[in-house]
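Quick notes on the structure that follows.
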Amino acid sequence: MEISHNPARRFNHFQNLSGKAILVTKKKVSQQLKPFLKDNVMTLYEQLIQEGKVEGREEGREEGTQQTKRQATIRLIQKGATNEFIIEVLDVTDEFVQAIRVGLEN
């Protein structure tokens, strides 16, 4: 390609060349970043899955704790423990103990 001696045309030619250079540079950077991003950055989907797993584990632990407290309360009631003792030892509410007592009576 022949470059014109007209300053306006030279400027346009330079703009075109610099635009191509930027496009080529962006493409190279993009190609270099793809493997890095693929290996080091979680996708939104992966982040949501991870958050769901964490929330699920937390809910599972809470349910397990409640089930253990329920079973321990039943055993203590069957052994004749008072509500006050059960509340103090298991860190449960009076309503919790009363509900289990009612359930055992029925």
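The values are calculated or read from the model by the stated rules, or taken from the named source; none is laboratory data. All values derive from a computational prediction rather than experimental measurement. Virtual Cβ from ideal backbone geometry, glycine too; neighbours counted across all protein chains shown.
One table, with the values for the structure above:
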| item | result |
| --- | --- |
| Residue within region 55-71 that is surrounded by 11 or more Cβ atoms within 10 Å (Cβ to Cβ), in contact (Cβ under 8 Å) with a residue 12 or more places away in the chain and in a helix (DSSP H, G or I) present | yes |
| Some residue of region 8-17 being surrounded by fewer than 10 Cβ atoms within 10 Å (Cβ to Cβ), more than 30 Å from ASP94 (Cβ to Cβ) and at pLDDT below 55 | yes |
| Residue check for ILE87: touching a residue at least 24 places away in the same chain (Cβ under 8 Å) and among the aliphatic types (A, V, I, L, M) | no |
| Residue match in region 88-104 (condition: of a type in the set (Gly, Ala, Ser), surrounded by 10 or more Cβ atoms within 10 Å (Cβ to Cβ) and not in a helix (DSSP H, G or I)) | no |
